[in-house]
Amino acid sequence: QVEKRLELVKQVSHSTHKKLTACLQGQQGVDADKRSKKLPLTTLAQCLMEGSAVLGDDSLLGKMLRLCGEAEDKLAQELIHFELQVERDVIEPLFVLAEVEIPNIQKQRKHLAKLVLDMDSSRTRWQQSVKSSGLASNLQPSGAKADALREEMEEAANRVEICRDQLSADMYNFVAKEVDYANYFQTLIEVQAEYHRKSLALLQNVLPQIKAQQEAWMEKPSFGKPLEEHLAISGREIAFPVEACVTMLLECGMQEEGLFRVAPSASKLKKLKAALDCCVVDVQEYSADPHAIAGALKSYLRELPEPLMTFELYEEWIQASNIPEQEKRLQALWSACEKLPKANYNNIRYLIKFLAKLTEYQDTNKMTPSNVAIVLGPNLLWPQADGNMTEMMTTVSLQIVGIIEPLIQHADWFFPGDIEFNVSGNYGSPMHVNHNANYSSMPSPDMDHMDRRQHDQARRPLSVATDNMMLEFYKKDGLSLCVPSMGVRVMDTSWVARRGTPGVRKASSTPPAAQPPAPPTELPTTPHSPIPEQSPDISATPSPLLTSFGFPPGAER
């Protein structure tokens, strides 16, 4: 049984030694220094350190390369120590077992077989000598020759006996040492475990340093990132894309017709979004393209993982919009506003205040609170369920518009107090260059109607694309498209007499007390008509007071 196992153990040991040697990354049989120079991890560490020196510690990438290079160098040293230990405690003993110990036993077995043949030959010669002497079988042969043959035969038998004893001892020793042979593989696993423990400790030690460097780095992308994360990293209260876009629009976009509705150039929008992600914006460059700025703001709001008005309060917003009585509806919306997280509240307050200011110029930019709510509402609130944009729009429909529009109309009531739009103070007032007009300053919302009309006629027509899907959707919901001489705008023809002059809106807003106060009321005014030839008598005729967001009493949506 032992003889049969000898060859099998030799084959297994030989193949294991060969494969284990192939796993070594360093050169076998050399000292640690020479082995380290040709180790792939050492080469990688050197490459990372050289890259760090090139980029410098002023850049985040340079810092990362330096930390990773140091970590890889330490891992290389641990790997060298591990391989040397494996080579000493596992590979070399396996080599001795497969190439020395077992072959020696096999040689001893072959030597025994040769001695047995010699003994048989001596016995045969002695027997032939006895027969040739002619003596009887019961008589012992005599003479010197017979004695010599007998001694030779006895000596051969003795050698066979000694060799057999030696072979048996070697085989018993092999069986007894099988525990030691098996221990080679236990040692392999133990050495590997220790190597991986030390390597893991090294990595766990360097990971906090790497994360700390990344967290301390201020220049992080903001698009597609959670609002709280962006604000925490940047140390801001208002998201950088929101403040940057709003501040630039205040300088150059308040008079732009169809702002937030007219689609910008895709390449310009992509460039501006990338610039905002890097926290670097050329205000002068984009002052001539307010639609790109508005598109970037919409994209930021739409790409937030959670809408600015939160998933948690989605049902509450929708339920508030469904309340038929205007006073209770506004109080419900006010209550939902108060439940927003601080970061969301600050940013929605900032944004709504800006949109309210934008609608003060609605006679010029054609963006009434209703139109602004239509184009921006789906970017501020959407359901948590997955689905494409069309399904989302179909689901929320006018409900979100009914939430956003009163927030804009009564911005000073929902969010009392003045607001400084240039929070960080990083944006000056660039020289105004408008691509649709020759004016150099922003006209006042109180400009005389004839002056404003002359001002509008000086603007050249827009040539931009619009979101056809959005327009078609609202067309089906009872909203008509009114196409004036310049551009395309969305008008809700069933919602009338909902706005007054900016002065009226501000006068009607009262700051809330501890409990929601009575909602502000608006003086009945006439809707702005995009048709300049409309009779003055129509504008002088008061419209009936509306109830639910501009719908006449009992009207169907």
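The values are calculated or read from the model by the stated rules, or taken from the named source; none is laboratory data. All of these numbers come straight from a predicted model, not from anything done at the bench. With ideal geometry, Cβ positions are generated from the backbone for all residues, glycine too; neighbour counts draw on all protein chains shown. What goes into the accessible areas is simple: the full protein's heavy atoms, side chains included, and nothing from ligands, DNA or RNA. Shrake-Rupley method; radii C 1.70, N 1.55, O 1.52, S 1.80 Å.
Screening the stretch 401-425 for residues that are of a type in the set (A, V, I, L, M) and modelled with pLDDT under 85 and picking the one that is surrounded by the most Cβ atoms within 10 Å (Cβ to Cβ) gives Val423.
One line per residue, one yes/no per condition, for (1) open to solvent by less than 10 Å² (accessible area, probe 1.4 Å); (2) in contact with a Pro (Cβ under 6 Å, 6 or more places away or on another chain):
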{"position": "Gln284", "(1), (2)": "no, yes"}
{"position": "Glu303", "(1), (2)": "no, no"}
{"position": "Leu308", "(1), (2)": "yes, no"}
{"position": "Glu325", "(1), (2)": "no, no"}
{"position": "Arg329", "(1), (2)": "yes, no"}
{"position": "Ala336", "(1), (2)": "yes, no"}
{"position": "Lys342", "(1), (2)": "no, no"}
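Every test in (1) more than 20 Å from Ile400 (Cα to Cα); (2) within 30 Å of the chain's Cα centre (by Cα) is passed by Met254 save one, and that test is (2).
What number of residues in the stretch 350-372 are farther than 13 Å from Ile419 by Cβ and of a type outside the set (D, E, K, R)?
Count: 12.
Consider Val433 carefully, then state whether it is open to solvent by 60 Å² or more (accessible area, probe 1.4 Å), outside the structural domain of Ala288 (by the TED database) and at pLDDT below 65. Yes: the conditions hold for Val433. Residues that are on the phi > 0 side of the Ramachandran plot, surrounded by fewer than 12 Cβ atoms within 10 Å (Cβ to Cβ), under 47 Å from the mean Cα position of the chain (by Cα) and assigned to a loop (DSSP other than H, G, I, E, B) do not occur anywhere in the stretch 31-44.
Count of the stretch 4-50 residues, restricted to those that are among the acidic types (Asp, Glu) and modelled with pLDDT under 80, is 2.
Close contacts from the stretch 11-33, counting a first residue that is in contact (Cβ under 8 Å) with a residue 12 or more places away in the chain and hydroxyl-bearing (Ser, Thr, Tyr) and a second that is in a helix (DSSP H, G or I) and buried (at least 16 other Cβ atoms within 10 Å of the Cβ), with Cβ to Cβ under 7 Å and a gap of 6+ residues or different chains, come to Ser13/Leu94; Ser13/Leu97; Ser13/Ala98; Thr16/Leu94; Thr21/Ile91. A count restricted to the stretch 208-223 and to residues that are in contact (Cβ under 8 Å) with a residue 40 or more places away in the chain and exposed (fewer than 12 other Cβ atoms within 10 Å of the Cβ) stands at 1. If you take the residues of the stretch 183-207 that are over 22 Å from Asp89 (Cβ atoms) and open to solvent by 70 Å² or more (accessible area, probe 1.4 Å), which of them is farthest from the chain's Cα centre (by Cα)? Per the stated criteria, the residue is Asn205.
Ile238 fulfils the conditions (1) touching a residue at least 60 places away in the same chain (Cβ under 8 Å); (2) under 30 Å from Glu78 (Cα atoms) except for a single criterion, (2).
Just to verify a result, which residue in the stretch 83-104, among those that are open to solvent by 30 Å² or more (accessible area, probe 1.4 Å) and in contact (Cβ under 8 Å) with a residue 60 or more places away in the chain, is farthest from Glu50 (Cα to Cα)?
Asn104
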